[in-house]
Ligand SMILES: [Zn+2]
């Protein structure tokens with residue numbers, strides 16, 4: 001309720017002593033705030049921003065400007081004020097329309113019908129398909145980076161370069177495992193090619209949880225090249241990195 005408490009139309013909402021109103025006066029579209037928030041959290045700006053709202057207008061002009069300047073894709077999905085459905089369009093519905101007073105069914109049905117009419121348009125379907133295609137492409141690119149197994153697959157590392165090594169029990173991710181192997185087992189890695197070192201790292205991968213495969217004493221499962229859960233099929237080693245994504249390099 002607080003996020004829709006538009007001044008003049010609705011009363012401010014309180015959480016304890018804090019008052020909340022709709023952000024329309026300062027940030028009519030919160031896309032810019034969301035963009036900054038995601039960038040800060042991941043230390044990497046998003047490549048795609050999809051904004052959902054009503055009508056287009058100047059509300060999203062600043063985001064279009066930012067998308068051009070910072071090279072990300074911006075898509076705005078909005079039911080325009082001008083779609084006519086049974087003689088009505090979104091622009092005809094007052095901001096505080098709520099009929100009948102109990103439940104607002106008539107108003108909600110009208111909004112739903114207008115939204116469905118918008119979604120059925122060929123142009124809207126094309127936009128949605130394009131967004132879906134790009135999101136899948138990004139997902140595939142991310143699955144080829146070293147971060148993906150840590151971020152999405154709950155994989156960690158346990159040193160298996162030397163059975164007497166007491167490092168760990170777990171090394172956080174592949175870069176820390178590689179660093180450890182080079183620093184603590186340099187005599188072993190000096191004789192190996194880079195690919196052989198990567199193969200060694202593969203044998204040190206451990207999935208937390210998981211139902212199959214031999215378990216270590218801690219209950220985790222060590223992954224092998226013959227891993228049975230499809231992990232190996234997704235994994236492509238180190239030379240793919242996040243900088244790869246920033247260049248927009250696809251397959
Ligand atoms: Zn070790």
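In region 106-133, the residues that are free of Cβ contacts under 8 Å to residues at least 12 places away in the same chain form Cβ pairs under 9 Å with partners that are surrounded by fewer than 11 Cβ atoms within 10 Å (Cβ to Cβ), at six or more places apart or across chains, as follows: 106/100. Selection of first residues in region 15-32 that are on the phi < 0 side of the Ramachandran plot and of second residues that are assigned to a strand (DSSP E or B), restricted to Cβ pairs under 7 Å at least 6 apart or on distinct chains, gives the following pairs, ordered by first then second residue: 20/13; 29/51; 29/53; 31/49; 31/51.
Name the residue, out of 139, 144, that is in contact (Cβ under 8 Å) with a residue 60 or more places away in the chain, more than 16 Å from the ligand (Cβ to nearest atom) and either under 30 Å from residue 79 (Cα atoms) or not in a helix (DSSP H, G or I) (or both). Don't jump to the end; show me each part of the working.
Numbers: 139 fails: in contact (Cβ under 8 Å) with a residue 60 or more places away in the chain.
From the options 139, 144, the qualifying one is 144.
Suppose we filter 162, 154 for residues that are within 16 Å of the ligand (Cβ to nearest atom), in the same structural domain as residue 198 (by TED's automatic domain parsing) and in contact (Cβ under 8 Å) with a residue 24 or more places away in the chain; which single one remains? Explain how you work it out, then say what you get.
Working: 154 fails: within 16 Å of the ligand (Cβ to nearest atom).
Going through 162, 154 in turn, just one is within 16 Å of the ligand (Cβ to nearest atom), in the same structural domain as residue 198 (by TED's automatic domain parsing) and in contact (Cβ under 8 Å) with a residue 24 or more places away in the chain: 162.
Among the residues of region 10-23, those identified as exposed (fewer than 12 other Cβ atoms within 10 Å of the Cβ) and part of a loop (DSSP other than H, G, I, E, B) are 11, 16, 17.
The values are calculated or read from the model by the stated rules, or taken from the named source; none is laboratory data. Owing to the predicted nature of the structure, the values given are computational and were not obtained by experimental measurement. Glycine gets a Cβ as well: all are built from the backbone with ideal geometry, and neighbour counts include every protein chain shown.
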